[in-house]
Structure formats: structure tokens, C-alpha cells
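Take a look at the structure set out below.
The values are calculated or read from the model by the stated rules, or taken from the named source; none is laboratory data. Nothing here was measured: the structure is a model prediction, and the numbers come from that model. Backbone-built Cβ (ideal geometry, glycine too); neighbour counts: all protein chains shown. Accessible surface is based on the protein model in full, side chains and every heavy atom, while ligands, DNA and RNA are left aside. Shrake-Rupley method; radii C 1.70, N 1.55, O 1.52, S 1.80 Å.
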Amino acid sequence: MKNILYRSTRSSEAPITSSAAILRGLSGDGGLYVPCSIPVLDHPVKDYAEMDYRTVAYEVMKLFLTDYTEEELRYCVDGAYSTGFDSEEIAPMAEAMGNYYLELFHGRTIAFKDMALSILPYLMTTAAKKNGDSLETVILTATSGDTGKAALAGFAGVPGTRIVVFFPNEGVSAIQKRQMVTQEGSNTCVIGITGNFDDAQTGVKRIFTDPEMRSRLEKGGFRFSSANSINIGRLVPQIAYYVFAYSRLVREERINAGDPVNFTVPTGNFGNILAAYYAARMGLPVGKLICASNRNKVLFDFFRTGVYDRNREFYLTGSPSMDILVSSNLERLIYHISGEDCDKTADLMHSLSSEGKYVIDDGMRSRLDLFASGYADDGEAMSAIRDLYENTGYVIDPHTAVASFVAGQYRGETGDLTPNIIVSTASPFKFGSTVLKALGKPVDADDMELADRLSVLANVPVPYAVESLRHAEVRHTTVCSSSGMADEVLRFLGLQ
Ligand SMILES: *Cc1c(COP(=O)(O)O)cnc(C)c1O
């Protein structure tokens, strides 16, 4: 099997192994690690139809994480996907009104982040062992709501790790906040910040790339890493479910092996849809990747015009996990469509941080054929929730609803009848109040009562992830400004 090494999107420094890239998270030059070449699927696509989720995950991940032994990688995959999911299939698929919904919310925190964050701690601790590394890993995470809890659930109690999560204090749903501030585990730290997600993400990046912080940590016996999708260890596990989803349609004879399918992905930081891009580059038959944004439609404008411009008003929407103006993972796509040109990528990213925008050239634009894009405002997303429920009884969350609306719009505008898989990124129970409002129901009750009402309407039991919050104790109450983040980290580690 071909050995795959990882390099930074921004410099031609010597490439490193996958386990080293996972340990580091972000390159020292501020770039993101990318594979030096993209492997191709080593089975005909029909073969995956015979495999279960764990086997597909192993078969896909082994192509990228080539310095993990078979035994190590199987240990990671089995540890992550054997318990903690409330569906035997791990990622089941539902069909409603002419679309397939790939439900990625059956893990411990009922959002798709669990798909990668339940395996990342295994990949990271295995990497530390392989690299003879004795430093304790400190996971620093900025979250728009779902990553934080999924990372906390994955890393709580894992020996040799600590985790610090920053979330926008006013920018997450009530259930999301409750999930995070009740987190147990002496190695966990959860902090609200007074800014938005972009402020949290920029703050984390700043701490990461600050040489002084780095040396203070190393003296204290720690090393930072990231559980955000800037870590290649987040991205690779996500490629697996695209192959898995395709293979289920083959298995159920909805398509023939080799037929194209479209994926519509509710997008924020561009991690999920980037995994789909890698799957397509590996040879998965993909027609279009439809990038769905909410009112913060910076990506829609980018795909339409070739200009990425974050200088605009930021909106808080009913799909908070997509309230993002700087989609970090787009940098990896920029790198690939630039012809793997790290100087060009670095220039564009510097222009983004100094002027808040960049423009790609025609050559780069011509390599975006695989993508289509659209957006939905809150009213449109709510109408998608209502239509689907009234016609089928199936209930989706506000993020998935953005994709559902955009998929309908895309089909109407293009007449493209390729089978479409909507990537369903969260359980409706995580956003009960928004969902009930969309269904025209009263929301004059606490979160738990709303969950009970939704359960009756959707005819689905309240997931354990929500049920368990009923009597959970609040354990984290710190709030700081984005300039105070570094101090909070040092305090938690006992370095101040
Ligand atoms: C994180 C998240 C998204 C956005 O995914 P990206 O990989 O950041 O594009 C969409 N929906 C939900 C529910 C999420 O948690």
C-alpha cells in the first residue's frame, strides 16, 4: 500500500507522517495538514456494499493513515464504533420526499461531530505511543456548539489528555450549552466567550501559533493539539461515511454500483463537505456536492463569484453550528485547486487575515465543477421542516433543513434528477425549540418539556443524550473575552 505523508498547505517544509500530523493538529506556519497525494479506493465500489460500518471505516482510513499498523487502526475503529451509538448501523439512512437522509446523529452527543470525535482520542493516544511522546496532550477546541460536546465526550477521562473548550456564550442552543456546562471529568474545562464562533476560532489559532505559549507548555510537560476539523484526524474518519452511504444505496438496489449520486451538505467550517470532496477524488461516483449555507452565505457567494469575503454582517440563525464567516477547511480545497501550490495558498490566506477577503483566479475556479451551492434563511429552513413533517411525519433538525431546502431549490433550478443524499447533521432533539416553532407548536416550556413534546410529535423516544441532562449538575461557569483565552488555558493547566 502506498505510504501517504502530510504537508502544510502553506509551506514546503518536509512532510510528516499521519500520526505526527494528528498529534500536532495545525502546522507551525498556520497552515493545515493535507495528504501529499490522495489515495484511490482499493476495492471496486460494489464490494463496500457487503461490509458493515466498521469495516468500511477501516478500509477507507487505512488508505490515509498509512503509518498506523493494521492492529492499531482496527483497535481505534472498534473502540470508536462499537459502543456509544444508538443505531446498530451507526449511520442509518431514511428516505423522505424523494431524498435520502444520511443520519449521522446516532452517537453520544447526537450531532455528526461524533462520527469523527469518537475515534480521534484513539487515533491521538495511539499516535503519542507510536511517536514515543511523553508530553500530555492538551486539546484546545473552539466550538459553534456541537464540536465542543462531542470532543468533551470523546476525551473526558482519557489518560494523558486534557481538553479545553471555548464556545460563544450567546451563540449556541439551550441544549447545546447544557450539554457542555454539565460535562464531567477532571481533565475537562469549558469556557464561554463573549464573542462569536469566529472570535473563538481565531483565539484558539492564536494560542496555537504563539511560540511563547508553546514553550511554556512544553516546560510544563504539555503539548497542544486540536479537535477541530483543522485536524486531519477529524477529516479522514468523515470520508468513510460517504463511501458507506453510497454502498447502502447499492446494497438496497436503489442504484447500480458506478451510478453517480449527489450529496447535499449543510456547511459551516467546510469540514464535512471537504471529506466528500476527498471521497470523490478517491473514485467514489459523485455527481455534485451541493454546499448548503444559512444566511451567513459567504460560501455561496464564493462559489458563485470566486471571491471569498468575510467583511459582512454576521447573523445568529436557527442553525448556529453553521454561523461561521471563516470556513477554515476551505483552505484545503484552495490548496488542491491551486494545483497544490503552497505559496499561492499562503498568499490568499494572508490576504484573508489582513483584508478579510481573497479572489481566486479562473484556473482555480475551473476546478470547482464538482460543487454546486445554495442557501436558505431561517424562514425557508423552517418551511422545509414543516413540509417534510406534514407530508411524511419525518422530523429533521434546522441544519439538515437548510440542506433539504437547498436540495429542493437545486433540483428545481437544474432539473438534475440524480439520486440525492442529504447529510443529516444533528438530531432534531438538539434544537427542540426551533423545530417545534417550525411545526407551529408552542414553545412556552423548559428544554426538557420541549423534548418530551417533540418525542410525541415525531414518534421517536427522547435520545439518551438529552434524557441524561434532566438532572445533570452545572460544573462549568467561567466566561471570558477572546483576549482572556490564553490566561484561562494557563490557569487550567496550573501554569499561572
Ligand atoms: C458542525 C456542524 C455543521 C457544519 O459542518 P462543517 O464541517 O463545519 O461544515 C452542520 N450542522 C451541524 C449540526 C453541525 O454540528
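Among the listed pairs LYS205/LYS357; LYS113/LYS177; LYS297/LYS344, which have their C-alpha atoms separated by more than 27 angstrom in this model? In this structure, no pair lies more than 27 Å apart at Cα.
Considering every alpha-carbon pair of the range 280-363, the percent of pairs per 5 Å bin, from zero through the bin containing the longest distance, is 3, 13, 22, 23, 19, 13, 6, 1.
The mean sequence distance of close C-alpha pairs (under 8 Å, at least 6 residues apart), as a share of the length of the range 225-361, puts its relative contact order at 22 percent.
What does the convex hull of the alpha-carbon atoms of the range 226-279 project to on average, in nm²?
Details: hull surface 15.7 nm².
Computing the convex hull of the Cα atoms and averaging its projections yields 3.9 nm².
According to the Kirkwood relation over distinct C-alpha pairs, the hydrodynamic radius of the chain is 22.6 Å. Taking the Cβ of MET124 as the centre, find all other residues whose Cβ is under 13 Å away and add up their charges (Lys, Arg: +1; Asp, Glu: -1). Summing Lys/Arg as +1 and Asp/Glu as -1 gives +3.
Using a 1.4 Å probe and counting only protein heavy atoms, arrange LYS205, LYS441 so the residue with the most accessible area comes first.
Numbers: LYS205 60, LYS441 85 Å².
Solvent-accessible surface, decreasing: LYS441, LYS205.
Note on the range 398-448 and the range 137-174: Cα centroid distance 25 Å, given to the nearest whole angstrom.
Taking a ≥ b ≥ c as the square roots of the eigenvalues of the alpha carbon gyration tensor, the range 405-496 is oblate, as a/c is not under 1.5 and a/b does not beat b/c. As a rough guide to protection, the peptides 380-390, 8-18, 290-300, 206-216 ranked by mean Cβ packing within 10 Å, highest first, stand as 290-300, 380-390, 8-18, 206-216.
Express the relative contact order of the range 343-483 as a whole percentage, based on alpha carbon pairs under 8 Å and six or more residues apart in sequence.
On the way: 111 pairs, mean separation 24.9, N = 141.
Reported as a whole number, the value is 18 percent.
Taking the centroid of alpha carbons for each part, the range 294-372 and the range 1-52 are 22 Å apart.
P(r) tail for the range 138-228: Cα pairs beyond 14 Å make up 62% of the total.
For GLU72, the solvent-accessible surface computed with a 1.4 Å probe is close to 50 Å², ligands and nucleic acids excluded.
With an 8 Å cut-off on Cα pairs and a minimum separation of 6 or more residues, tell me the relative contact order of the chain in percent. Could you put the intermediate results ahead of the total?
Values: 960 pairs, mean separation 92.6, N = 496.
Value for the chain: 19 percent.
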